[in-house]
Amino acid sequence: MMKQRLRYWTPRILGICSIFFVGLFALDAFDGKHPLNVQLLNFGLHIIPSILVAIALYVAWRWEKIGGLIFLGIGSICTPLLFILNYQRNHSVAISVQIVGLITLPLIIIGLLFLSNYYKQKN
């Protein structure tokens, strides 16, 4: 019984945490160097990844298999994109891998946890 509850709640709690973590990067839009309307526009653009993860969590909460696949898809698609973007900025493979690991690896793990829970319940 306890294992079932833990298996049920772990990906959901990690999903909520990842939404907040990814959302923290949107706060970079408020730098004080640009007018407020530009900062709000930048914030809106930077919050899109958090909104996508929130939508994925909503779907996964209702339909674990589909949501788990969405989380895996987001993590898998974002991994090479984030790596290339960060490598172009800092020209360091190690730093780029760390950044990618912090952002996309949790999404992949969450997707695997949702799928694991789905298949465990099915059996």
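Just one of Leu40, Leu102, Leu69 is under 29 Å from Arg7 (Cα atoms), open to solvent by 80 Å² or more (accessible area, probe 1.4 Å) and modelled with pLDDT under 95; which is it? Outline the logic, then answer.
Numbers: Leu40 fails: under 29 Å from Arg7 (Cα atoms); Leu69 fails: modelled with pLDDT under 95.
Going through Leu40, Leu102, Leu69 in turn, the sole match is Leu102.
I need every pair where a residue in the range 1-20 that is modelled with pLDDT under 95 has its Cβ under 7 Å from the Cβ of a residue that is open to solvent by 70 Å² or more (accessible area, probe 1.4 Å), sequence separation at least 6 or different chains.
Between residues of the range 1-20 that are modelled with pLDDT under 95 and residues that are open to solvent by 70 Å² or more (accessible area, probe 1.4 Å), the close pairs are Arg7/Lys120.
Given the options Ile70, Ile47, Ile74, Ile55, name the one that is among the β-branched types (Val, Ile, Thr) and farther than 16 Å from Phe21 by Cα.
Values: Ile47 fails: farther than 16 Å from Phe21 by Cα; Ile74 fails: farther than 16 Å from Phe21 by Cα; Ile55 fails: farther than 16 Å from Phe21 by Cα.
Exactly one residue qualifies, and that residue is Ile70.
Answer with yes or no whether Ile51 is under 25 Å from Leu113 (Cα atoms) and out of contact with any helix residue (DSSP H, G or I) (no Cβ under 7 Å at 6 or more places or on another chain). Let's see the steps before the verdict.
Numbers: under 25 Å from Leu113 (Cα atoms): yes; out of contact with any helix residue (DSSP H, G or I) (no Cβ under 7 Å at 6 or more places or on another chain): yes.
So Ile51 fits the description; yes.
Could you say which residue among Tyr58, Tyr119 is more than 15 Å from Arg12 (Cβ to Cβ) and aromatic (Phe, Trp, Tyr)? Can you show your working first?
On the way: Tyr58 fails: more than 15 Å from Arg12 (Cβ to Cβ).
Selected residue: Tyr119, the only one of Tyr58, Tyr119 that is more than 15 Å from Arg12 (Cβ to Cβ) and aromatic (Phe, Trp, Tyr).
Restricting the first residue to the range 83-110 and requiring it to be over 18 Å from Val22 (Cα atoms), which pairs with a second residue that is of a type in the set (Phe, Trp, Tyr) and surrounded by fewer than 18 Cβ atoms within 10 Å (Cβ to Cβ) meet a Cβ separation below 9 Å and a spacing of at least six or different chains?
Within 9 Å, the pairs are Val93/Phe83; Val93/Tyr87.
For the range 79-91, does any single residue satisfy the condition of being under 24 Å from Arg12 (Cα atoms), out of contact with any strand residue (DSSP E or B) (no Cβ under 6 Å at 6 or more places or on another chain) and either at pLDDT 95 or above or among the hydroxyl-bearing types (Ser, Thr, Tyr) (or both)?
Checked against the condition, which is being under 24 Å from Arg12 (Cα atoms), out of contact with any strand residue (DSSP E or B) (no Cβ under 6 Å at 6 or more places or on another chain) and either at pLDDT 95 or above or among the hydroxyl-bearing types (Ser, Thr, Tyr) (or both), the range 79-91 yields at least one hit.
The values are calculated or read from the model by the stated rules, or taken from the named source; none is laboratory data. Treat the numbers as computed from the prediction; the structure is a model and nothing was measured. No Cβ is skipped: glycine too gets one built from the backbone with ideal geometry, and neighbour counts run over all protein chains shown. In case anyone asks, the SASA skips ligands and DNA or RNA and just uses the protein heavy atoms, side chains included. Shrake-Rupley method; radii C 1.70, N 1.55, O 1.52, S 1.80 Å.
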